[in-house]
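Beneath this line is the structure, given in structure tokens, with notes to follow.
The values are calculated or read from the model by the stated rules, or taken from the named source; none is laboratory data. The shown structure was predicted, so the numbers you read here are calculated from the model rather than taken from an experiment. So basically every Cβ, Gly included, is an ideal-geometry build from the backbone, and we count neighbours across all protein chains shown. Please note that ligands, DNA and RNA were not included when accessible areas were found on the heavy atoms of the full protein model with its side chains. Shrake-Rupley method; radii C 1.70, N 1.55, O 1.52, S 1.80 Å.
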Amino acid sequence: MECGGYECFAVEMCDFLLDGGAMFGVVPKPLWEKRIPADEKNRIPLKARTLLLRGHGRNILVDTGCGTKFSEKELAIYGITATRSPDEALSDYGLSTAEITDVILTHLHFDHAGGSTFLKDGEAVPTFPNATYYTQKRQLDWAKNPTMRDRASFFSDNWAPMEKSGQLTVLDGNNLPLPHIELLFSDGHTFGQQLPLIKGETGGLLYCGDLIPTSAHIPVPWHMGYDNQPLVIMAEKETTLKMAVEKNWTLYFEHDPTIAAVTLKEGRKGVEMDQVVAF
């Protein structure tokens, strides 16, 4: 699709598995399993689906997937399969990692920022050598000092190499220097999560990150057990969904196993999915 002067492409980096109960929090299994069935270990299939934007003289990538730095044990724990290196994934669009100009990281959890670096001679180095990477100051501060609850999601190898190379731009608010892209913020999942909104003439495309990770998470009470602030993320979702309907935004899902994007409508029980958008 096109939006805001950008050609927009869904780029799938890998498949992985996470516990269905953790992905849906207090929602009972008989309900969520109707949306995304679990395997024999109660894990549900997920995608690491990034977004490529081409336009205005830029090649922009939003998030980078899980990456290729995992050990065999970690690959088994998270059920990571169908992994593609960023060069392999980008080759579908006639690009290489060297041609990416900007990388917007919604947050620094491993399934969103893991592909930002790769191992070269045993050392993590930036995957995109000519790109500027963007994160929020509050998120970086949190990633460097996480709690016991979420420290397993942060690995310094996913951002420290860009600090060392001078490629990491730490934003403090909605000051992303890229045309027709505005940032929305969410603190319910992790502090300082930034969600790019590509603004078109008659609507927009919102990259939902972990505010709404799959289409099954559209209902406001359906949120993850991983979320640090459940009541906060519910309020954020309610506000975002209302704005999305009012302003004709398409929602883009990073983790949905089959659906990349949808439009919304007002339904009997609130905002609900309207149509699937092809990418």
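Remarks
- About its Cα centre, region 81-126 has a charge dipole of approximately 80 debye under the convention of +1 per Lys or Arg Cβ and -1 per Asp or Glu Cβ, with nothing else charged.
- Distance between the pseudo-spin-label points of Glu182 and Lys269 (7 Å out from Cα toward the beta carbon): 3.1 nm.
- Region 64-177 shape via C-alpha gyration tensor axes, a/c threshold 1.5: oblate
- Per-residue accessible area (protein heavy atoms, 1.4 Å probe) orders Met234, Met13 as Met234, Met13, starting from the largest.
- Of the trypsin sites (Lys or Arg not before Pro) in region 230-279, the ones in a loop by DSSP (not H, G, I, E or B) with at most 16 other beta carbons within 10 Å are Lys247, Arg268, Lys269.
- Region 136-237: C-alpha gyration tensor shape, a/c 1.5 cut-off, then a/b vs b/c: oblate
- Environment charge at Leu90 (Cβ cut-off 10 Å; Lys +1, Arg +1, Asp -1, Glu -1): -3
- Our summary gives the chain a relative contact order of 18 percent, counting only alpha carbon pairs under 8 angstrom and 6 or more residues apart.
- Within the accessible area of the chain (1.4 Å probe), percent carbon and sulfur: 51 percent
- Which listed pairs, of Lys199/Lys265; Lys29/Lys69; Lys237/Lys265; Lys237/Lys269; Lys242/Lys269; Lys73/Lys120, have C-alpha distances above 22 Å, in listed order: Lys29/Lys69
- The spacing between region 1-80 and region 140-186, judged by their C-alpha centroids, is 19 Å.
- Per residue, the accessible area of the chain comes to 43 Å², computed with a 1.4 Å probe over protein heavy atoms only.
- Ranking Ser156, Met13, Met273 by Cα position along the charge dipole of the chain, where only Lys, Arg, Asp and Glu carry charges on their C-beta atoms, puts Met273 farthest toward the positive end.
- A full extension of the chain between Lys137 and Ser96 corresponds to an added length of 11.9 nm, given 0.36 nm per residue minus the alpha carbon distance.
- Fluctuation leader among Gly94, Gly209, Gly79 - the chain, Gaussian network, Cα springs under 10 angstrom: Gly94
- Tyr93 exposes around 60 Å² of accessible area when a 1.4 Å probe is run over every protein chain in place.
- Contour excess over end-to-end distance, with Cα ends at Lys29 and Ala152 and 0.36 nm allotted per residue: 41.8 nm
- Gaussian network model of the chain, Cα within-10 Å springs - most flexible of Val27, Val11, Val103: Val27
- The spacing between region 89-135 and region 219-260, judged by their C-alpha centroids, is 25 Å.
- Those aspartates and glutamates that a straight Cα-Cα span of less than 19 Å connects to Lys34, excepting residues fewer than 8 apart in one chain: Asp19, Asp256, Glu272, Asp274
- Result for the chain in a Gaussian network model with C-alpha springs under 10 Å: among His255, His223, His56, the largest mean-square fluctuation is at His56.
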